[in-house]
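Okay, structure first, notes after.
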Amino acid sequence: MQSFLSYLNSKLTPGEAGNFAWATIYILLIFTGISVAVIAMNWLERKILAHMQVRLGPMRVGPHGLLQPIADALKLLIKEDIMPAEADRVVFWLAPVIVVITAFTVFIVVPFGPTHAVTDMNIGVLFMLGVSSLGVLGIIMAGWASNSHYPLMGALRSSSQMVSYEIAMGLAVVSAILMTTLTPDGVGTLSMIKIVQAQDQQQTWFLFRMFPFGFLAFFIFAVAMVAETNRAPFDLPEAESELVAGFHTEYSGFRWSLFFLAEYAAMLAVSAIAVTLWLGGWMRPFPHWLAGDGWDAFFSFFPAATFFLLALIAFFGTVRMPKHPAFRIQKAGLGAFALVLGGIGIVLLIPAVKDRIQDIYWFVAKVSVFQYAYIWYRGTFPRYRFDQLMKLGWKVMIPMGVAVLIVMAAAPAFNFVW
Amino acid sequence: MTPVATPFFFYFLAAIALLSGLAVITRRNPVHSAVALIMTLLSVAGLYLMLYAPFVAGVQIILYAGGIVVLFLFVIMLVSLEKAVREYQFNHQWHVAAAATAVLGGLLVYVYVKGRGIFPARAAVMPETLNTQQVSLSLFQDYLLPFEIASLLLLVAIIGAVVMAKKRI
């Protein structure tokens, strides 16, 4: 109990402080947070895609289809879980487990704030890249164990695609890590928290450091991360028009939903890497240019304001609901939802909460920009052909990554830094 | 911070490594062998972590478990498994291999019994924050030339692979 309370004043992550109780709490919080985020993403993706295509999207289950993801989750849990007769039982069972474990394990080092991470590893970025690269094993195993043609084709495509783009991704990450050495003492780091602190020290995001090379590295990463997570326009492993559903064709019910969960968790994880490396992690916008207590106070109202805005939108929805007895339950539900959102906003105004939530808010806000971009890509870009994908990976991204890396490594050696 | 490098973890990881290593050579299905190989590699990565070498552990996960085993699986999936399962698992080199194993095992026992003085009585506790820096210093300062020669060798191997795989360049 003593150590439980005393940690509140600590300036370390629970993992570094060796505080087991708080580490468990953080893990549970992150796990719930990711799961809720995946549910929200599910709804948002369908709604945003629908609006991009001038459709309505889910409208029936709850006001504006808000309860659709819950209905879907229930459906998936109740659905029969089929295992093909000729499938390799052990590997078939193991594949979704591996995919989910790797997708969630990487969040151990994601820095939501200077103290808001489960732990800070000396090899943080390496750990994230390594563990997320293990996810491809689950996909290959799923495709092979199904003992069917479409899954095998999907798994082959997926593994070759992920192995290829991992190289470009690694080159981009190394260029960003090289930028951490541009501090006066010249010591670089791989730890996620120290990378953000290096950007704080250099008073710039690595996106704008040594422009345009920092930006190019970010661009390579942003393309490679879409390919790594098998999302449109690089979703060839599960291209519906050719492969039914790719590597998870034979999966159904709960096992399929595990793949779904892992896909979205992996999207969040790679976005978290991108935010940490290039977009200043948990730092609020312009922490040095707009410094001072007044600006600090101004920016500290953003989390509450966001929730108040959401509450306002929900409230307008309630008011505009048709006056018909059939809508009574929906109306009450949406009104209650508006009240809950407003209540969260009020809680976020309490000074103690307001100070602690800042870094988490800005980190999550930056990650959500990437999540929106993912949906946007899916709504805009046509799917690549497989040879085009490989050509882009090997003949454009990797040479560009090597060039950026050479500049990043050579320029500081000649004291040529901007 | 209390060290996690307790004997329990060592025996736990070592047991997993050995058992899955055995599974690698005894499973008839090559995909099962590859999955067991992943387990071995991951538990060895855990052992590196216990030796305060997080960088080596990370590289082990990225290169071996994430890269090489993926390529293994890639090749295995394209092989006709029905034929591989029916094939003799232990072929004519069985006797030679057993002899070699016995000799190596004998050497291990001999070193363990006679050479206790070689090993330090207690593992040196190093700050793990230094591991990455130390690796880079020894690679890029102390042993720069051997390191570059090794990279040249790898380049030759890559070019060789491309030349052999492509019919027309």
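When the residues of the stretch B:19-45 are narrowed to those that are within 13 Å of the chain's Cα centre (by Cα) and either over 26 Å from A:Trp144 (Cβ atoms) or β-branched (Val, Ile, Thr) (or both), which ends up surrounded by the fewest Cβ atoms within 10 Å (Cβ to Cβ)? The selected residue is B:Val24.
For the stretch B:1-50, how many residues meet the condition of being more than 13 Å from every other protein chain (Cβ to nearest Cβ) and more than 26 Å from B:Leu73 (Cα to Cα)? Residues meeting the conditions: 9. Exactly one residue out of A:Ala245, A:Ala239 is at pLDDT below 90, among the aliphatic types (A, V, I, L, M), touching an Asp or Glu at 6+ places or on another chain (Cβ under 7 Å) and surrounded by 15 or more Cβ atoms within 10 Å (Cβ to Cβ), and it is A:Ala245.
Of all the listed residues (A:Ser158, A:Ser133), the sole one being assigned to a helix (DSSP H, G or I), in contact (Cβ under 8 Å) with a residue 24 or more places away in the chain, among the polar types (S, T, N, Q) and within 7 Å of chain B (Cβ to nearest Cβ) is A:Ser133.
From the list A:Leu44, A:Leu49, the lone residue that is in contact with a Lys or Arg (Cβ under 7 Å, 6 or more places away or on another chain) and more than 14 Å from every other protein chain (Cβ to nearest Cβ) is A:Leu49. Taken together, the residues in the stretch A:163-204 that are surrounded by fewer than 20 Cβ atoms within 10 Å (Cβ to Cβ), of a type in the set (A, V, I, L, M, F, W, C) and not in a helix (DSSP H, G or I) amount to 1. The residue of the stretch A:56-110 that is farthest from A:Leu190 (Cα to Cα), among those that are more than 14 Å from every other protein chain (Cβ to nearest Cβ) and among the basic types (Lys, Arg), is A:Arg60.
In the condition set (1) touching an Asp or Glu at 6+ places or on another chain (Cβ under 8 Å); (2) among the aliphatic types (A, V, I, L, M); (3) not assigned by TED's automatic domain parsing to the domain that holds A:Phe107, A:Ala297 is compliant with all but (1). Checked against the criteria, A:Ser160 does not count as farther than 17 Å from A:Thr229 by Cβ and surrounded by fewer than 23 Cβ atoms within 10 Å (Cβ to Cβ). Return yes or no: is A:Ala172 touching a Pro at 6+ places or on another chain (Cβ under 9 Å) and either within 25 Å of B:Val79 (Cα to Cα) or assigned by TED's automatic domain parsing to the domain that holds A:Leu279 (or both)? Criteria not met by A:Ala172. Just to be sure, is A:Met210 at positive phi, away from chain B (no Cβ under 14 Å), buried (at least 17 other Cβ atoms within 10 Å of the Cβ) and touching a helix residue (DSSP H, G or I) at 6+ places or on another chain (Cβ under 9 Å)? So A:Met210 fits the description; yes. Here the condition is being modelled with pLDDT under 80, within 14 Å of another protein chain (Cβ to nearest Cβ) and either part of a helix (DSSP H, G or I) or over 11 Å from the mean Cα position of the chain (by Cα) (or both); of B:Ala84, B:Ala57, B:Ala65, it holds for B:Ala84 alone.
Please go through the stretch B:120-146 and give me each residue that is more than 14 Å from chain A (Cβ to nearest Cβ), at pLDDT below 70 and within 22 Å of the chain's Cα centre (by Cα), ordered by number. Of everything in the stretch B:120-146, just one residue is more than 14 Å from chain A (Cβ to nearest Cβ), at pLDDT below 70 and within 22 Å of the chain's Cα centre (by Cα), namely B:Ala123. Only residues that are more than 19 Å from A:Val270 (Cβ to Cβ) and exposed (fewer than 13 other Cβ atoms within 10 Å of the Cβ) were counted in the stretch A:364-387, giving 4. Among the residues of the stretch A:112-130, those identified as more than 7 Å from chain B (Cβ to nearest Cβ) and assigned to a helix (DSSP H, G or I) are A:Gly124, A:Val125, A:Met128. Of all the listed residues (A:Ile98, A:Ile70, A:Ile139), the sole one being in a helix (DSSP H, G or I) and not assigned by TED's automatic domain parsing to the domain that holds A:Leu389 is A:Ile70. Of the residues making up the stretch A:303-320, one or more are part of a helix (DSSP H, G or I), within 24 Å of the chain's Cα centre (by Cα), within 14 Å of A:Pro63 (Cβ to Cβ) and touching a residue at least 24 places away in the same chain (Cβ under 8 Å).
The values are calculated or read from the model by the stated rules, or taken from the named source; none is laboratory data. Computed from a prediction, not measured in an experiment: that's the story for all the values here. When we count neighbours, we look across all protein chains shown, and the Cβ atoms used for this are built from the backbone with ideal geometry, even at glycine.
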